[in-house]
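The values are calculated or read from the model by the stated rules, or taken from the named source; none is laboratory data. As the structure is a prediction and not an experimental result, all values here were calculated from the model. Glycine gets a Cβ as well: all are built from the backbone with ideal geometry, and neighbour counts include every protein chain shown.
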Amino acid sequence: MQLTYLGHSCFMLQTAGKTLIFDPFIKSNPLAASISFDALTADYILVSHGHEDHTADLIALAQQTGAKVIANWEIHAWLNKHGVTNTHPMNIGGKWMFDFGTVNMVFAAHSSSMPDGTYGGTAAGFVIESDGKAIYYAGDSALTNDMKIIGAKYMLDAALLPIGDNFTMDYQDACEAALWVNCNHVIAMHFDTFGFIKVNHEQAQAYFTANSKILTLPTIGGTITI
Ligand code: NI
Ligand code: MN
């Protein structure tokens, strides 16, 4: 698995010959100015919830790539209404086998509405099993007891967790979440993009090290092998 950070909570995952993009928010993220949006290709787009910092480029990217969008029922219905019909609806607790592997849609303790105010269903995260690996993408979740279910069911190779605080977990809660999902390697997201979620990198790294866990603070455009 090759994981490329596109800024905020947007990642590109290349696995089993397919390309997945999570929560597209690139063109209106000044920190992601180095990412060439027009050059992006994808087979699948996964959407955790409806908020603008996760869906701003969703329709444009779906149209540009023709990718199948995997999202909850409400986001699927909203996309269909806006002309994006290559969608796969899911809901919390469900899983589906795609051609790259299995997606399990899991609970995220957060809210969800579309940029136009339409109800966005329950906020979600995903566990992806592909190419002999398993990763957890937490979306915008708070620390929640439901994460223990993931720890009991999966042997994760990496957990992609928000660390920016204010709207989501902070890095201390993310470190606890790593314990609950039983994964020592956290890849951070949802940090530094705006003033509310600026993170002191050194303090975050030191906290994880002191708790015998690994925190990767990805650089935009950088690729991590899992
Ligand atoms: Ni959100
Ligand atoms: Mn967000």
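Of the residues making up segment 194-226, just one is in contact with a Gly (Cβ under 6 Å, 6 or more places away or on another chain) and either modelled with pLDDT under 95 or assigned to a helix (DSSP H, G or I) (or both), namely Ile197.
One line per residue, one yes/no per condition, for (1) within 13 Å of Met189 (Cβ to Cβ); (2) within 14 Å of ligand 2 (Cβ to nearest atom):
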position: Thr4; (1), (2): yes, no
position: Gly7; (1), (2): yes, yes
position: Ile21; (1), (2): no, no
position: Asn29; (1), (2): yes, yes
position: Ala33; (1), (2): no, no
position: His49; (1), (2): no, yes
position: Thr55; (1), (2): no, yes
position: Leu58; (1), (2): no, yes
position: Asn72; (1), (2): no, no
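Restricting attention to segment 161-189 and to residues that are within 15 Å of Ala210 (Cβ to Cβ) and of a type in the set (A, V, I, L, M), the residue that is nearest to ligand 2 (Cβ to nearest atom) turns out to be Ala174. Scan Ser130, Ser141 and give me the residue that is touching a residue at least 12 places away in the same chain (Cβ under 8 Å), of a type in the set (S, T, N, Q) and surrounded by fewer than 23 Cβ atoms within 10 Å (Cβ to Cβ). Unique residue meeting the criteria: Ser130.
Restricting the search to segment 157-169, which residues are away from ligand 1 (no atom under 15 Å from the Cβ) and either in a strand (DSSP E or B) or buried (at least 19 other Cβ atoms within 10 Å of the Cβ) (or both)? Passing the criteria: Ala158, Ala159. When we screen Ala138, Ala142 for residues that are closer than 22 Å to Leu3 by Cα and under 15 Å from the mean Cα position of the chain (by Cα), the only hit is Ala138.
The residue pairs whose first member lies in segment 151-167 and is without any contact (Cβ under 8 Å) to a residue 60 or more places away in the chain and hydroxyl-bearing (Ser, Thr, Tyr), whose second member is assigned to a strand (DSSP E or B) and away from ligand 1 (no atom under 16 Å from the Cβ), and whose beta carbons are closer than 7 Å, counting only pairs six or more residues apart or on different chains, are Tyr154/Val127; Tyr154/Ala134.
Restricting to segment 43-72, name every residue that is more than 15 Å from the chain's Cα centre (by Cα) and not hydroxyl-bearing (Ser, Thr, Tyr).
Our first condition is that a residue be more than 15 Å from the chain's Cα centre (by Cα); within segment 43-72, this holds for 43, 59-68.
Answer for segment 43-72, where residues must be more than 15 Å from the chain's Cα centre (by Cα) and not hydroxyl-bearing (Ser, Thr, Tyr): Asp43, Ile59, Ala60, Leu61, Ala62, Gln63, Gln64, Gly66, Ala67, Lys68.
I'd like the residue in segment 178-226 that is of a type outside the set (A, V, I, L, M, F, W, C) and within 21 Å of Phe126 (Cα to Cα) and, out of all such residues, is surrounded by the most Cβ atoms within 10 Å (Cβ to Cβ).
Going residue by residue through segment 178-226, those that are of a type outside the set (A, V, I, L, M, F, W, C) are 182, 184-185, 190, 192-193, 195, 198, 200-203, 205, 207, 209, 211-213, 216, 218-219, 221-223, 225.
Checking the rest, the ones that are also within 21 Å of Phe126 (Cα to Cα) come to 182, 184-185, 190, 216, 218, 223, 225.
Details: Asn182: 17, Asn184: 15, His185: 18, His190: 27, Thr216: 17, Pro218: 19, Thr223: 12, Thr225: 6.
Looking at the filtered set, the residue picked out is His190.
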